[in-house]
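Participant: Before I ask anything, let me first share the structure, which is written out below as structure tokens.
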Amino acid sequence: MRTTISDLSEAALRGDWGPLIEESGKARGKHWAEDARCSGRDTSMFFPLGDGPQAEPVETVERLGLSLVRPLNMCAACPLTTAARCLIESLRDDEEFGIRGGLIASERSALRASWQQRMDKGAVRRALRGSTAALSKAERAEVIARFAADSTMDAAAVARGLGITHEYLLKLARVHRQKQRTELAAPPVRSIDAA
């Protein structure tokens with residue numbers, strides 16, 4: 001039985017992100033989009049009017065009907081690794097609109113919410129060791145917090161793991177430490193009921 005992008009996204013919705021992330025990792029480096037069927041084409045068809053994160057997917061497909069056929073067929077013709085990478089990139093970049101990885105915006109809405117809350121301790125550890133990975137916002141914040149708290153970590157490796165420059169990592173760590181100090185110095189907020 002052949003695995004599809006729908007199989008991978010359904011597994012991710014159930015909390016098993018491994019297959020989707022693993023498949024996306026097989027796409028070739030930063031030039032992965034060159035293998036996409038939409039590469040070099042007019043991408044406006046991938047942004048159908050009337051589809052958005054708040055829409056109901058089934059109703060959207062019924063309402064937009066034929067206007068979805070061409071872009072969805074093009075996505076279906078993409079290699080699975082490319083479609084998986086396209087989907088992961090859209091989740092990582094928190095893209096609300098457009099067809100990505102063969103899914104319309106309303107179909108990706110639940111995946112986007114789940115991705116942002118995702119916390120894979122293994123991905124955090126790998127990023128701290130310098131292994132580049134697609135990280136959620138929560139995982140990225142955890143990597144920065146751990147680096148900011150431990151001056152013995154290899155800054156070059158952590159920067160590589162986050163896909164950013166060494167200088168930018170140091171800035172993010174400074175901002176994180178400053179925010180921590182501000183939160184610790186702030187007086188506790190009293191509730192009205194306590195008065």
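The values are calculated or read from the model by the stated rules, or taken from the named source; none is laboratory data. This structure is a prediction, so every number in the text was calculated from the model and none was measured. In this analysis, Cβ positions are derived from the backbone assuming ideal geometry, glycine residues included, and neighbour counts consider all displayed protein chains. Ligands, DNA and RNA are excluded from the accessible area calculation, which covers all protein heavy atoms including side chains. Shrake-Rupley method; radii C 1.70, N 1.55, O 1.52, S 1.80 Å.
Participant: Can you find, within region 41-65, the residue that is modelled with the highest pLDDT among those that are closer than 24 Å to A110 by Cα and open to solvent by 100 Å² or more (accessible area, probe 1.4 Å)?
Facilitator: Kept after step one, since they are closer than 24 Å to A110 by Cα, are these residues of region 41-65: 43-65.
With the extra rule that they be open to solvent by 100 Å² or more (accessible area, probe 1.4 Å), the set shrinks to 47, 49, 54, 59, 62-63.
Working: F47: 90, L49: 82, Q54: 79, E59: 86, E62: 85, R63: 86.
Per the criteria, the residue is F47.
Participant: Right, next: Considering only residues of region 29-46 that are over 19 Å from the mean Cα position of the chain (by Cα) and in a loop (DSSP other than H, G, I, E, B), which is farthest from T81 (Cα to Cα)?
Facilitator: At the first step, the residues of region 29-46 found to be over 19 Å from the mean Cα position of the chain (by Cα) are 34-35, 37-45.
Filter once more, so that each one left must be in a loop (DSSP other than H, G, I, E, B): 37-42.
Values: R37: 12, C38: 14, S39: 15, G40: 19, R41: 20, D42: 22 Å.
If we take residues in region 29-46 being over 19 Å from the mean Cα position of the chain (by Cα) and in a loop (DSSP other than H, G, I, E, B), then D42 is farthest from T81 (Cα to Cα).
Participant: Looking at region 10-28, which of its residues are surrounded by fewer than 16 Cβ atoms within 10 Å (Cβ to Cβ) and part of a loop (DSSP other than H, G, I, E, B)?
Facilitator: Within region 10-28, R14, G15, D16, K26, R28 qualify.
Participant: If you don't mind, there's one more thing I want to ask. When L49 is evaluated against the numbered criteria (1) in a loop (DSSP other than H, G, I, E, B); (2) closer than 28 Å to L135 by Cα, which criterion, by number, is the only one it fails?
Facilitator: Looking at each condition in turn, L49 falls short on (2).
Participant: Is it true that W17 is at negative phi, in contact with a helix residue (DSSP H, G or I) (Cβ under 7 Å, 6 or more places away or on another chain) and among the aromatic types (F, W, Y)?
Facilitator: Details: at negative phi: yes; in contact with a helix residue (DSSP H, G or I) (Cβ under 7 Å, 6 or more places away or on another chain): no; among the aromatic types (F, W, Y): yes.
Spelling it out, it is not the case that W17 is at negative phi, in contact with a helix residue (DSSP H, G or I) (Cβ under 7 Å, 6 or more places away or on another chain) and among the aromatic types (F, W, Y).
Participant: On the basis of being surrounded by 14 or more Cβ atoms within 10 Å (Cβ to Cβ), under 27 Å from A141 (Cα atoms) and not hydroxyl-bearing (S, T, Y), does A105 make the cut? Spell out the reasoning first.
Facilitator: Numbers: surrounded by 14 or more Cβ atoms within 10 Å (Cβ to Cβ): yes; under 27 Å from A141 (Cα atoms): yes; not hydroxyl-bearing (S, T, Y): yes.
Criteria met by A105.
Participant: Here's something else I'd like to know. Conditions first: (1) open to solvent by less than 30 Å² (accessible area, probe 1.4 Å); (2) under 21 Å from E23 (Cβ atoms). E95 passes all but one, so which condition is the exception?
Facilitator: E95 satisfies every listed condition except (1).
Participant: Going residue by residue through region 168-175, is there one that turns out to be crowded, with 17+ Cβ neighbours inside 10 Å, touching a Leu at 6+ places or on another chain (Cβ under 8 Å) and under 30 Å from E59 (Cα atoms)? Spell out how you get there, then give the answer.
Facilitator: Within region 168-175, the subset crowded, with 17+ Cβ neighbours inside 10 Å is 169, 172-173.
Now restrict to residues that are touching a Leu at 6+ places or on another chain (Cβ under 8 Å): 169.
Those still in the list that are under 30 Å from E59 (Cα atoms) too: none.
Among the residues of region 168-175, not one is crowded, with 17+ Cβ neighbours inside 10 Å, touching a Leu at 6+ places or on another chain (Cβ under 8 Å) and under 30 Å from E59 (Cα atoms), which makes the answer no.
Participant: What about C38, is it at pLDDT 85 or above, within 25 Å of S114 (Cα to Cα) and surrounded by 15 or more Cβ atoms within 10 Å (Cβ to Cβ)?
Facilitator: Details: at pLDDT 85 or above: yes; within 25 Å of S114 (Cα to Cα): no; surrounded by 15 or more Cβ atoms within 10 Å (Cβ to Cβ): yes.
The answer is no for C38.
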